[in-house]
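Heads up, the thing below is written out as structure tokens.
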Protein chains: 2
Amino acid sequence: MGITERKEREKAEMRRRIVDAAIEMFVAEGYEKVSIRNIADKIEYSPATIYLYYKDKDELLYDVQGEAFQKLANYLRARITAEDPLERVRQLILAYLDFAREYEELYDLMFIIKAPMNSVQKDAEWDNGQDAFTLLRENVISCVEKGLIRFDNPMIATLSIWAFAHGFISLNLRCRIKIAELGEEVIPIVMRQAVEHYLATIKV
Amino acid sequence: MGITERKEREKAEMRRRIVDAAIEMFVAEGYEKVSIRNIADKIEYSPATIYLYYKDKDELLYDVQGEAFQKLANYLRARITAEDPLERVRQLILAYLDFAREYEELYDLMFIIKAPMNSVQKDAEWDNGQDAFTLLRENVISCVEKGLIRFDNPMIATLSIWAFAHGFISLNLRCRIKIAELGEEVIPIVMRQAVEHYLATIKV
DNA sequence: AAATATAATGAACAGTGTTTATTATTTCCA
DNA sequence: TGGAAATAATAAACACTGTTCATTATATTT
């Protein structure tokens, strides 16, 4: 009797429908502005039905983050073509900047928004971002091992590079960079310049 | 007739009461978790009364941010004691990290939260953060002018240093640094180390 | 003291995430 | 194959949210 299998498949399909609709709407309008009722409308089900597949909005966001991090990892991988580890890191960071600009709302819900750290991340692992982070870390480790950058501690090197890029992106996404009285249009250029400068600085 | 003056004074006092209650509650529980009704309860007024003094929650947040940025500027100023510009920048950044750790929710509502950029920052100036930013910028400019750091563009230098610190702080505040499998207790140490390393790196 | 302007509020509106009792559908077994 | 049991979907409600508005209370002015 393949009926339980079908049921499971149907359950998975329903979760897919929900998560797909959610992603599409989050990308278009941002996490905060999309309600469970909106998502329910979109997939033509009752709001309560969503709660048969996700215990709350946080759990749904967690799945959406999973998809988003996969998307990011693929995005980054496709842009790492060089052989030289330092050049690979450079490609990765520039790709990271581009991803953030292309999918602002996705970046927001992956790295800036508060939820669902409350419910999920407390005890359970936070493995969603692991792939993309590993991609960065391993290339940075190569750089450290080959003595290409002025770091001895690979973890601090990885975190520093990541924090540098994230700092720019998130200040920009929240318009805090406007404090510096920069014209809207030059910001991406300034960010690129700053990143290039940073990479040149850590180069031995 | 000093009656209109008194009225104005009373109006100002009321706004003070509101903003003070708001800050206290935001610091304790975070912006999102504090409702207008909560604030109204605290100051023993009806929720509707608050709307006689602030047109919406965003406008109130804007005032709270004003206070918070003032607090930050004072905090930073008190910690800048050195003569050497580079050392001054170092003191400033370390103080910035400490401020973020001491007033997490304040830092959140100043630099991470989305609102009130929607309503306020669109056309009006964003002068709340100007003081603290200027503090950093002027010291960084000194560094550049005296050839103490490997930057030629002061704006990029200022933004880079700020973004570096903010990147660490916000990744930590959102628990994203946990991706790096760091123990909770070592994070402040790692952040400090990373900042020190960064400053050592940009030093000529 | 009466009329007017100001301040404060109770009640409501439209929205949110979420739960529950009820209804519809499907699966199972006699 | 028909009726009981299990599953799936929903309508309605709950307790919130930010915000508005008609109404009431309090000052101020005439």
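Read-outs throughout are calculated quantities, based only on the coordinates presented, and are distinct from any laboratory measurement. Computed from a predicted model, the values in this text were never measured in an experiment. Cβ atoms come from the backbone with ideal geometry, glycine included; neighbour counts cover every protein chain shown.
What the table below lists for this structure:
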quantity: Residue B:102 paired with residue A:71, simple spin-label distance in nm, labels 7 Å along Cα-to-beta-carbon; calculated: 4.1
quantity: Cα-only radius of gyration and Dmax that characterise segment B:1-145, units Å; calculated: 17.8, 56
quantity: Filter on A:33/A:114; A:57/B:178; A:57/B:57; A:55/B:114 - keep pairs with C-alpha separation over 19 Å; calculated: A:57/B:178; A:57/B:57; A:55/B:114
quantity: Radius, Kirkwood style, for segment B:142-202 when every pair of distinct Cα atoms is counted (Å); calculated: 12.8
quantity: Two-decimal log10 I(q)/I(0) for the protein assembly as shown, as the Debye equation yields it once each C-alpha is a single scatterer, q = 0.10, 0.13, 0.15 Å⁻¹; calculated: -0.75, -1.19, -1.47
quantity: Nm distances between copies for residue A:12, ranked from closest, using label points 7 Å along Cα→Cβ; calculated: 6.7
quantity: Averaged over A:150-160, number of beta-carbon atoms from partner chains that fall within 10 Å; calculated: 5
quantity: For segment A:26-72, average projected area of the Cα convex hull in nm²; calculated: 3.4
quantity: Pair-distance profile P(r), taking every C-alpha pair of segment A:67-202, with 5 angstrom steps and integer %; calculated: 2, 9, 19, 22, 20, 14, 10, 4, 0
quantity: Segment B:155-203: chymotrypsin sites (Phe, Trp or Tyr not before Pro) in DSSP loop, at most 11 other beta carbons within 10 Å; calculated: none
quantity: Compactness relative to 2.2 N^0.38 Å, alpha carbon Rg of segment A:1-54; calculated: 1.26
quantity: Helix axis angle, B:3-29 relative to chain B longest principal axis, alpha carbon, degrees; calculated: 50
quantity: Given A:146/B:146; A:42/A:71; A:203/B:146, the pairs whose alpha carbons are separated by over 25 Å; calculated: A:146/B:146
quantity: Partner chain coverage, peptide A:177-184 - average Cβ within 10 angstrom; calculated: 5
quantity: Rotational relation A to B, axis-closest Cβ in chain A, residue and distance rounded to whole Å; calculated: A:167, 1
quantity: Cα centre as origin, Lys/Arg/Asp/Glu Cβ charges: segment B:1-54 dipole, Debye; calculated: 180
